[in-house]
Amino acid sequence: MDPQNPYQSPQSPLIAPNGGEQELADRGIRLVAAIIDGVILMVLLVPLMFIGGYMDAVMQAAQTGQQPYGLQIAWGVGALLLFFAVQYLPLSQSGQTWGKKVMKIKIVDQDGNKPDLVTLMGKRYLFQNGIGLIPCLGGLISLVDVLMIFRQDRRCLHDQIAGTRVVVAR
């Protein structure tokens, strides 16, 4: 503290945790991995939506001017369960989704280790994908979530909640 300025905040050096000195994944690479995961999910989900009658129900509701919120939430939860089913194997083995495997990046905890499956599925992906099911507020939180990647540590809100980060897989 400066004796000339008693109101100055105290100074201390900031030391970032080394986390094994792993290189953080590039933002663009993370985006491509997320797109790959989204495409995989849509390839599986869209035919189910047609077969299950969701598309017909939405078209019918659009003609009557109604919004089928219950149906949308049910299919949203179904999509989340499908995501977990499709991504369970790679996440449990290596801490990677299929998209992350293709892009050669992985999820690690703050110590650089593979996080446990509960952390990955519950804290990270349930939050990330489940929050979007909340009308209005979910979209705003999802926007804040992805915009946080532009900080220096490249961690989104779901990374902060789960205590994870995405690094280059070596």
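Residue-by-condition table, conditions (1) touching a residue at least 12 places away in the same chain (Cβ under 8 Å); (2) under 23 Å from Ile40 (Cα atoms):
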{"residue": "Gln63", "(1), (2)": "no, no"}
{"residue": "Gln66", "(1), (2)": "no, no"}
{"residue": "Leu71", "(1), (2)": "yes, yes"}
{"residue": "Trp75", "(1), (2)": "yes, yes"}
{"residue": "Phe83", "(1), (2)": "yes, yes"}
{"residue": "Leu89", "(1), (2)": "no, yes"}
{"residue": "Gln93", "(1), (2)": "no, yes"}
{"residue": "Lys106", "(1), (2)": "yes, yes"}
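Which residue out of Ile73, Ile40 is buried (at least 16 other Cβ atoms within 10 Å of the Cβ) and within 23 Å of Val146 (Cα to Cα)?
Ile40
The rows are residues; the columns are (1) within 19 Å of the chain's Cα centre (by Cα); (2) polar (S, T, N, Q).
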{"residue": "Ile29", "(1), (2)": "yes, no"}
{"residue": "Ala34", "(1), (2)": "yes, no"}
{"residue": "Ile40", "(1), (2)": "yes, no"}
{"residue": "Ile51", "(1), (2)": "no, no"}
{"residue": "Ala61", "(1), (2)": "no, no"}
{"residue": "Gly65", "(1), (2)": "no, no"}
{"residue": "Pro68", "(1), (2)": "no, no"}
{"residue": "Leu89", "(1), (2)": "yes, no"}
{"residue": "Gln93", "(1), (2)": "yes, yes"}
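In this structure, is Arg124 surrounded by 14 or more Cβ atoms within 10 Å (Cβ to Cβ), among the charged types (D, E, K, R) and modelled with pLDDT of 90 or more?
no
Which condition number in (1) more than 15 Å from Thr164 (Cα to Cα); (2) acidic (Asp, Glu); (3) free of Cβ contacts under 8 Å to residues at least 60 places away in the same chain is the one that Asp37 fails?
(3)
State whether one or more residues within segment 149-161 are over 18 Å from Gly28 (Cα atoms) and either part of a helix (DSSP H, G or I) or touching a Gly at 6+ places or on another chain (Cβ under 6 Å) (or both).
yes
Specify which of the listed residues (Met55, Met103, Met59) is surrounded by 17 or more Cβ atoms within 10 Å (Cβ to Cβ) and farther than 21 Å from Ile161 by Cα.
Met103
Can you tell me which residue among Leu140, Leu126, Leu120 is free of Cβ contacts under 8 Å to residues at least 12 places away in the same chain, part of a helix (DSSP H, G or I) and over 17 Å from Glu23 (Cα atoms)?
Sole residue among the options that is free of Cβ contacts under 8 Å to residues at least 12 places away in the same chain, part of a helix (DSSP H, G or I) and over 17 Å from Glu23 (Cα atoms): Leu140.
For Asp109, are the conditions met, namely being touching a Pro at 6+ places or on another chain (Cβ under 6 Å), surrounded by fewer than 19 Cβ atoms within 10 Å (Cβ to Cβ) and farther than 16 Å from Arg27 by Cα?
The answer is yes for Asp109.
Out of all the residues in segment 145-155, which are without any contact (Cβ under 8 Å) to a residue 24 or more places away in the chain and either surrounded by 11 or more Cβ atoms within 10 Å (Cβ to Cβ) or of a type in the set (Lys, Arg) (or both)?
Asp145, Val146, Leu147, Met148, Arg151, Arg155 - these are the residues of segment 145-155 that are without any contact (Cβ under 8 Å) to a residue 24 or more places away in the chain and either surrounded by 11 or more Cβ atoms within 10 Å (Cβ to Cβ) or of a type in the set (Lys, Arg) (or both).
The values are calculated or read from the model by the stated rules, or taken from the named source; none is laboratory data. In this text the structure is predicted, and so the values were computed from the model without any measurement. Cβ atoms come from the backbone with ideal geometry, glycine included; neighbour counts cover every protein chain shown.
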